[in-house]
Amino acid sequence: MNTKISRSRIDQAASIEQMVSAIDAIKGGMEWRKSSLEREAIKHRDYLHDLTELNLICEEGRGTQLTEAAMSSGAPGATICKVRYSQLDEHLEARRYIREICKMIVPTQKVAAIADALDATACFDDDSKALLYALPVEKAFTYRAREIKKRHHR
């Protein structure tokens, strides 16, 4: 649509299209129309490299304790979600289980220390039935809080 010309009869002094065209001219283009996420995509981003995604599957109720052990050994944080699954026993009766999956993106050099800390909690014993697997992360981006300069008051 040509935003500079409108042939319809309107009661306003200018149509929306004409106002948008005027703002385009003032701003020097259409960039102002893009959402903040679209504008952010144009900016230079510093990607994080040399990361590993750790996924810890454990009994319901153990996720918080185990992620705290992982975070004490270098994991910056974790997301815990509950999953339900059913399994047929030998009599073809369904047994329902609830597990927690703890997802962590960690520096690759911290993986061994985190695995050792988890092992020290006995989470891999037969009673706990935890499972840990790792996937390489090629690159990641996260929003980091900008440093706010402290204002000096007189």
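We did not get these values from a lab; they are worked out from the coordinates using the rules stated. Just so we're clear, the structure is a prediction, and the values are computed from it rather than from any experiment. Counting neighbours? That spans all protein chains shown, and the Cβs are built from the backbone with ideal geometry, glycine included.
Would you calculate the separation in nanometres between label points at residue 133 and residue 25, each defined as 7 Å from the Cα along the Cα-to-beta-carbon direction?
Distance between label points: 6.1 nm.
What residues of the stretch 49-71 lie in the reach of a label at residue 120, counting those whose backbone N is under 18 Å from a point 7 Å from the Cα along Cα→Cβ?
Residues 64-71 fall inside that zone.
Could you tally the net charge around residue 73, taking each other residue with its Cβ under 14 Å from the Cβ of residue 73, Lys/Arg +1 and Asp/Glu -1?
-2
What does the convex hull of the alpha-carbon atoms of the stretch 51-137 project to on average, in nm²?
5.9 nm²
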